[in-house]
Amino acid sequence: HRLTHSPHDDSPGSWSPDGMAIVFTTGRWHPERFSDIAVLTLADSVVRQLTSGPDSDGSPLWSPDGSRIAFARVSRDTVPNRLCWIAPDGT
């Protein structure tokens, strides 16, 4: 069963600990399809963008308590790649 419907790439991520949302990687918001992190809430099928910018974000994983999402950020600049985290509400 398909969960998302985007003309651009959506890649698997991970389910929230409560099973009510899934975090995933998508190229839908970037003209060059660099990947951002998004959350799909199952109750309303709403997709919310969590990250944006010139870097590619990927491999999102929920923390065991559901309070944070860890992800890898690959920079297009000379900055080393980073391990980052964000709250599920985007803060």
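Readers should treat all values here as calculations from the given coordinates under stated rules, not as data from a laboratory. Given the structure is predicted, the values throughout are model-derived calculations rather than measurements. Neighbour counts are summed over all protein chains in view; Cβ atoms, including those assigned to glycine, are modelled from backbone coordinates with ideal geometry.
Overview of values
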quantity: Among Pro54, Pro80, Pro12: highest mean-square fluctuation, GNM of the chain, C-alpha pairs under 10 Å; calculated: Pro80
quantity: Gain on full stretching of the segment that runs from Ala43 to Asp9 - 0.36 nm per residue minus C-alpha separation; calculated: 10.0 nm
quantity: Surrounding net charge for Thr41, when Lys and Arg each add one and Asp and Glu each subtract one, Cβ distance under 14 Å; calculated: -2
quantity: Cα gyration tensor shape for segment 5-44, rounded if a/c is under 1.5, else prolate or oblate; calculated: prolate
quantity: Label-point gap, in nm, between Glu32 and Asp18 - each point 7 angstrom along Cα→Cβ; calculated: 3.8 nm
quantity: Cα-based shape type of the chain, given that a ≥ b ≥ c are square roots of the gyration tensor eigenvalues and the cut on a/c is 1.5; calculated: oblate
quantity: GNM flexibility winner over the chain from Gly53, Gly27, Gly13 (Cα, springs under 10 Å); calculated: Gly53
